[in-house]
């Protein structure tokens, strides 16, 4: 017991060289641990953003394809500003129309009110027009479509628009920004109708 008490009473400390060596080793190990942890956090954020972009690109492409195949248009025509119009005849002898386009960094799918022969034009009537749905839940995404995004139409056999069959070229350039991190995903797809 006496030896233990003597060890506690000893007033000998560390030398300056021992203290510098200990601090150097501590800072080296701390720097390595910090680097490994930051690499892991950055990798996690990058992979999360890339997965989000892939999921959203799948959502947008499936929304376009689903709309085309469920609407079953008889003709398709190009509009202005990255827009295509799907058109089919309805049972009243008029036409139903759907617009698919890119506006404000988002994919927009709007149903255009049907035109029926023999009915008054809504612009000529006193009825209040129904505003278009500006928030489209089918295609709402966190990312934005960049300026390189486009939807173009190629009619088969060089026919004049509107075309009954052809090829749609869809280029989506999705940009996702979270804090200081920005990721971009470019997707190109072609399919016939």
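Here, each number is a calculation from the coordinates, and none is a lab measurement. The structure displayed is predicted, hence computed values, not measured ones. Here the Cβ is made from the backbone with ideal geometry for all residues, glycine too, and neighbour counts use every protein chain on show.
Over all directions, what mean area does the Cα convex hull of region 1-82 project, stated in square nanometres?
On the way: hull surface 54.1 nm².
Averaged projected area of region 1-82's Cα convex hull equals 13.5 nm².
Which ordering of 32, 176 is given by a fewest-first count of other beta-carbon atoms within 10 Å?
Fewest-to-most ranking of 32, 176: 32, 176.
Ranking 20, 112, 68 by Cβ neighbours within 10 Å, fewest first, what do you get? Walk me through the numbers on the way to the answer.
Details: 20 11, 112 14, 68 18.
Listed from fewest to most nearby Cβ atoms, that is 20, 112, 68.
Going by how many other beta carbons lie within 10 Å of each one, how would you line up 33, 151, fewest first?
Numbers: 33 10, 151 20.
The most exposed by this proxy come first: 33, 151.
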